[in-house]
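What follows is calculated from the coordinates using simple rules that are stated; it is not laboratory data. Quick caveat: nothing in here was measured; it's all calculated off a predicted structure. As a convention, Cβ positions derive from the backbone with ideal geometry for all residues, glycine included, and neighbour counts pool all protein chains shown.
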Amino acid sequence: MTETAPRDAGRFDGGDTEASATVRESARPRLPHPRRFYAIVAFVLLSLPLVFGILKPDDPEYVYEEGRRLQPAPVFPTSLAGWVAAPGNIDAYLKDRFGLRHAMIKLHRDLSHPVIMKVNSAGLIGASGRLFYRGNEMLQQSAGLVYRDARVAETADLLAQMNRALARHGIRFLVTIPPNTSTIYQDDLPYWAQRKGRKTEYDLLLADLRARGVKTVDLRPVLIEARKQGEVYLMNDAHWTARGAIAGFNAVVEADGRPDWRIDASKALGPPQERKSGDIARILGIQDEASEMTQELALPAPKSDEPLARGPMPDHIVRDGRPGPTILIIGDSFTANYFPDMLAAHVGRVIWIHHHECGFDWSAIDKFHPDEVWWAPTERFLICDPHVRPLNFPG
């Protein structure tokens, strides 16, 4: 019996017929129509930050409201350490400058508002309603849960070198660290964020500096004691109150051998007044609901306050038209608007400059020839950024 081949056998053998072309075309992978649409939408959304970052970048004011400065542009590495640090420096620079940054943060706040009132990545609400900032690992730092001992030692070494360099020119040097809110209001925190006897980076830095012969002032016991008289930190903001600033200032001048410069809080504080919002409240998106009563500093304004740079927190010189020593303060937002005015009645000049995470310009020493230098970054900026040293630092 002879087997007959099927009628269609061999139809696709040989030439490129219309049917075979249709089969091959249909076999090619192709995104379904809805997926192509989503891919286009995703591409547009990913491109928007880049486009806005170039054409219409966010105002730097938004970063200053977070209590810090814009990361400077990275410089071309000239050493192995510089190459190692370059990726992190570039990443930090871009994080501060991508387009729509502030709008995205606000959108995240709005979408997560029901949850954010208890705890989120940016803030925590304490037992009394006090807002605590969670950036820079601040809560973990105050609790002794983060302990970067190698970087603390590097910072202590740098400050000891600064002390020796200043001493060669007869300039006195003093280190004082305004504490985190979470360091002073431990009782307002959940159990996991309380120190419970653990050593902290604050403890370690002061011990290292004292072992190296650097004069230090521990502001923690002073501020804890000052709490008995009133609030020393704001409820909706990461900064201290005028009362807290006075307590810190008095401790510094006392340790500096100038007790006659102390300020009487009962005379230097104005009447209670409502203070709306606060930097943490803005970060959490509840600035319209947040307010508190506080007392502002009521000292006479100095005769001259000359900015040395532009911006919301510029380096500046304060004079009150009297003879006296020159004091240079290297600090941040904790001291910028308080310590110069408090010193103005006792000195010839106060120069305030930002620490830039230890990257400040050392040439200010040669330019202003201060009699004293006070190093005063707040606790969350207690350690230098990796591989950062002052610009133009000798040696």
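In order along region 147-157, the phi-based Karplus estimate (6.51 cos²θ - 1.76 cosθ + 1.60, θ = phi - 60°) of 3J(HN,Hα) comes to 9, 8, 5, 5, 6, 4, 5, 4, 5, 4, 4 Hz; Gly and Pro are listed as x.
Placing dummy labels 7 Å off each Cα toward the beta-carbon, the span from residue 313 to residue 84 is 2.9 nm. The simple Förster model, with R0 at 30 Å and r as the Cβ-Cβ distance, assigns residue 93 and residue 149 a FRET efficiency of 0.60. Measuring from a point 7 Å past the Cα of residue 346 along Cα-to-C-beta, which residues in region 224-258 have an amide N at less than 13 Å? 246-258, by backbone N distance to the label point.
Neighbour counting of Cβ atoms within 10 Å sorts the residues 354, 346, fewest neighbours leading, into 346, 354. Each peptide among 309-316, 338-345, 238-245 gets the average number of other Cβ atoms lying within 10 Å of its residues, and from highest to lowest they stand as 238-245, 338-345, 309-316.
Taking 41 Å as R0, compute the FRET efficiency from the Cβ-Cβ separation of residue 229 and residue 76 and round it to 0.05. If you can, show how the numbers build up before the last one.
Numbers: r = 52 Å, r/R0 = 1.28.
So the FRET efficiency works out to roughly 0.20.
With R₀ set to 22 Å, the beta-carbon distance separating residue 157 from residue 361 gives a calculated FRET efficiency near 0.65. Near residue 123, the amide H atoms lying under 5 Å from its own belong to 134; only residues 5 or more places off or on other chains count, and H is placed 1.01 Å from N.
Net charge in the neighbourhood of residue 131 (other residues with Cβ under 11 Å of its Cβ; Lys, Arg +1, Asp, Glu -1) is -1.
Each of 272, 294, 211 was scored by the projection of its Cα onto the charge dipole of region 207-299, and the greatest displacement toward the positive side belongs to 211; charges sit on the C-beta of Lys, Arg, Asp and Glu.
Secondary structure note: in region 261-395, about 50% of the DSSP beta bridges are antiparallel.
Which of rounded, prolate, oblate describes region 121-381, given a ≥ b ≥ c as roots of the alpha-carbon gyration tensor eigenvalues and a/c under 1.5 marking rounded, otherwise prolate only if a/b is larger than b/c? Before the final figure, lay out the partial values.
On the way: a/c = 1.71, a/b = 1.20, b/c = 1.43.
Because a/c hits 1.5 or more and a/b fails to exceed b/c, region 121-381 counts as oblate.
Ordering of 254-266, 178-190 by packing is 178-190, 254-266, highest average first (other Cβ atoms within 10 Å, averaged per residue). Rg over Rh for region 286-335 works out to 1.07, using Cα positions for both radii and the Kirkwood form for Rh.
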